[in-house]
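All of the numbers you see were taken from the coordinates with simple rules; none came from a lab. In this text the structure is predicted, and so the values were computed from the model without any measurement. So basically every Cβ, Gly included, is an ideal-geometry build from the backbone, and we count neighbours across all protein chains shown.
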Amino acid sequence: APRPGARAAIARLHALGLRTAMISGDHAGAANAVAQQLGIDDVRSDVLPEQKAAAVAGLAKAGAVAMVGDGVNDAPALAAADVGIAMGSGTDVAMQAAGITLMRAEPGLVADAIAISRRTTRKIRQNLFWAFGYNVVGIPLAAFGLLDPVFAAAAMAFSSVSVLGNTLLLRRWRPA
């Protein structure tokens, strides 16, 4: 049976523009029934644990893959994925193989982790843009003596403060 909140979690992943797949050792009938109930896009059934990593590699040909798992049989696939996400209620092997461990076994946390990571990446790009902009303008002006050293130091401090302030805006993020 699916975990409580799994259908809503799949819907949130779809809202983030992600395609979902289920790789399961269950028989096709059971796996397809659960996938249909949850709204999962792609189902791979009757997959042995050692074949899960190969299935993840096959999915990776179409783009980046995040794998969510919690068992020993998921560990190779978690390691093979671009981003492995282990549920905190899972095995130690799965948590060691994954890049991210969710502290609670709530499927909705997967979408939250992806949302905050996207937002963080956006902030990093913004900060690099502004820091690069300050340096593109400031360094040539200082090199040609057109910028007073005191003003240049103040501009560098302002650059650091603006990057820090922009980053602190991430604290406003709240899970859906």
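Data for the structure
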item	result
Cα-based helix-to-principal-axis angle, 49-60 vs the chain, degrees rounded to 10	50
Paramagnetic reach from M156 in region 95-136 [backbone N under 13 Å; point 7 Å along Cα→Cβ]	135
Size of charge dipole - the chain - debye, nearest 20, with Cβ of Lys, Arg +1 and Asp, Glu -1, no other charges	680
Interchain or long-range residues, amide H under 5 Å from G84's placed H	M67, G99, I100
Cα-based convex hull volume of region 35-142 per residue, rounded to whole Å³	144
Segment A176-A143, length gained on full extension (0.36 nm per residue, minus Cα span)	7.0 nm
Stretch gain in nm, segment R3-L48, where the contour uses 0.36 nm per residue and the Cα spacing is subtracted	14.0 nm
Among 119-130, 69-80, 143-154, 7-18, the order from most to least packed when residues are scored by Cβ within 10 Å on average	69-80, 7-18, 119-130, 143-154
Calculated from backbone phi, Karplus (6.51, -1.76, 1.60) coupling profile of region 129-143 in Hz, x at Gly/Pro	4, 5, 5, 5, x, 4, 6, 4, 7, x, 5, x, 4, 5, 5
For V43, residues with placed amide H under 5 Å, excluding near neighbours	M22
Rule-of-thumb Rg ratio for region 27-73 [Cα; 2.2 N^0.38 Å; N residues]	1.20
Three semi-axes of the equivalent ellipsoid, region 63-115, Cα gyration tensor, whole Å, largest first	15, 14, 7
Computed [θ] at 222 nm, deg cm²/dmol, the chain (DSSP H ≥ 4; -39,500 (n - 2.57); rounded to nearest 500)	-18500 deg cm²/dmol
